[in-house]
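Below you'll find the structure, written out as structure tokens, and then a few comments.
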Amino acid sequence: MKTVLTFALAAALSGLTAPAAVAQAPRDQLVVNAAWLQQHGNDANLVLLHVGTKATYEAGHIPGARYVDYASTLTSSMNPNGLTLEMLPADVLHDRLAALGIGDNSRVIVYQSDDMWTPSTRVMLTLDYAGLSNVSWLDGGQKAWVAAGGKLTTDAPQVQPGKLAALTLRPVVVDADFVQAHLNTAGYAIIDSRATAFYDGSRTGGRANEQHKTGHIAGALNVPFDSFTQPDVLLKPASEIAATFTKAGVKPGDTVVTYCHIGQQATATLFAARTLGYKVMLYDGSFEDWSKRNLQVDNPAVKK
């Protein structure tokens, strides 16, 4: 009897002192490397999305990857306000995602094929907006895959439409009214993700005959979209990414709201913030929308 009691007590104490399960870091949830993909490339529920030029895809892509022309299939440019990039209506977005073979049980991996990473982060944000949670970004994209010994193919897979439930959109996209209401508000960091030359007014963005205002949204911080990757488009260490946000004035616990020219570059800064665990939102209309609305800007170049 004594032995039984001793064993029970030891078991109870062991349960009390056993370490709790360690929660997975946001970066570990959002980012996979080429070695991971080599191990899981044949998983039945894997959906691999190639984001880049069609020419690159046709020249050779990671086996099993489906080509995503994000600008024509996952964004809307036919909106009445004339903005370049906008999220699709939920029903249309649902059908486009299902057509890529994405279903409720899919494990989705997004990768870029070229050196520009912002189209792939725009797709990452779109999938998050759509309410999909089992989604990661391939660190370094196709180049990292090849560098790790991975092969490429020119064969396009036969894609069966995914069985995807109606989308439950996440509130990660905001408009100009939201930005105005949260400028200089404790707990919110409004971030201009454009290159510093646009932020400080030494350059003006926009298309020919449709130039944006010069400067930036008054009160916005500047964290350029290209601050977070190395030349090979591998993410910088978490400590360096965190230091970049801290230097710009972003505080722990802030909700990071990003914008850029049209809503693409901003998703890279947003993605970097997500890897650190920040709550994030995208001003989808970005400076294009702000300029069309003739809202207040700060132009440091004028003050010099």
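Residues in region 209-236 that are touching a residue at least 60 places away in the same chain (Cβ under 8 Å), among the hydrophobic types (A, V, I, L, M, F, W, C) and assigned to a strand (DSSP E or B): 2 in all. When SER239 is tested against (1) crowded, with 21+ Cβ neighbours inside 10 Å; (2) farther than 17 Å from PHE178 by Cβ, only condition (1) is not met. Among the residues in region 278-291, are any basic (Lys, Arg), surrounded by 15 or more Cβ atoms within 10 Å (Cβ to Cβ) and within 15 Å of the chain's Cα centre (by Cα)? Taking every residue of region 278-291 in turn, none turns out to be basic (Lys, Arg), surrounded by 15 or more Cβ atoms within 10 Å (Cβ to Cβ) and within 15 Å of the chain's Cα centre (by Cα). Only residues that are among the acidic types (Asp, Glu) and closer than 19 Å to LEU282 by Cβ were counted across region 225-270, and they come to 2.
One residue alone among LEU127, LEU88 is within 28 Å of LYS292 (Cβ to Cβ) and more than 16 Å from the chain's Cα centre (by Cα), and that residue is LEU88.
Of all residues in region 201-233 being farther than 22 Å from ASP289 by Cα and crowded, with 17+ Cβ neighbours inside 10 Å, which is modelled with the lowest pLDDT? Of everything passing the filter in region 201-233, VAL233 is modelled with the lowest pLDDT. Filtering region 281-304 to residues that are aliphatic (A, V, I, L, M) and assigned to a helix (DSSP H, G or I) leaves ALA301, VAL302. Of all the numbered requirements in (1) closer than 28 Å to ASN81 by Cβ; (2) out of contact with any Pro (no Cβ under 8 Å at 6 or more places or on another chain), ALA195 misses one, and that requirement is (2).
Within region 98-111, is even one residue surrounded by 14 or more Cβ atoms within 10 Å (Cβ to Cβ), within 27 Å of SER193 (Cβ to Cβ), more than 16 Å from the chain's Cα centre (by Cα) and among the hydroxyl-bearing types (Ser, Thr, Tyr)? Checked against the condition, which is being surrounded by 14 or more Cβ atoms within 10 Å (Cβ to Cβ), within 27 Å of SER193 (Cβ to Cβ), more than 16 Å from the chain's Cα centre (by Cα) and among the hydroxyl-bearing types (Ser, Thr, Tyr), region 98-111 yields no hits at all.
Within region 162-186, residues that are crowded, with 17+ Cβ neighbours inside 10 Å have Cβ atoms under 6 Å from residues that are of a type in the set (Lys, Arg) in these pairs: ALA176/ARG293, counting only partners at least 6 apart in sequence or on another chain.
Selection of region 81-97 for residues being of a type outside the set (Ser, Thr, Tyr) and surrounded by 17 or more Cβ atoms within 10 Å (Cβ to Cβ) yields LEU83, LEU85, GLU86, MET87, LEU88, LEU93, HIS94, ARG96, LEU97.
If the condition is being under 18 Å from VAL257 (Cβ atoms) and touching a His at 6+ places or on another chain (Cβ under 6 Å), then region 195-219 contributes only TYR199. Evaluating LEU169 against the criteria (1) in contact with a helix residue (DSSP H, G or I) (Cβ under 6 Å, 6 or more places away or on another chain); (2) part of a strand (DSSP E or B); (3) among the hydrophobic types (A, V, I, L, M, F, W, C) leaves one unmet condition, (2). Counting only strands (runs of 3 or more DSSP E) that sit completely within region 58-162, those holding 3 or more residues that are under 21 Å from ALA34 (Cα atoms) and of a type in the set (A, V, I, L, M) correspond to 107-112.
Filtering region 123-158 to residues that are buried (at least 16 other Cβ atoms within 10 Å of the Cβ) and hydroxyl-bearing (Ser, Thr, Tyr) leaves THR126, TYR129, SER136.
The values are calculated or read from the model by the stated rules, or taken from the named source; none is laboratory data. The model shown is predicted, which means the values in this text are computed figures rather than measured ones. Please note: Cβ atoms are built from the backbone with ideal geometry, for glycine as well, and neighbour counts cover all protein chains shown.
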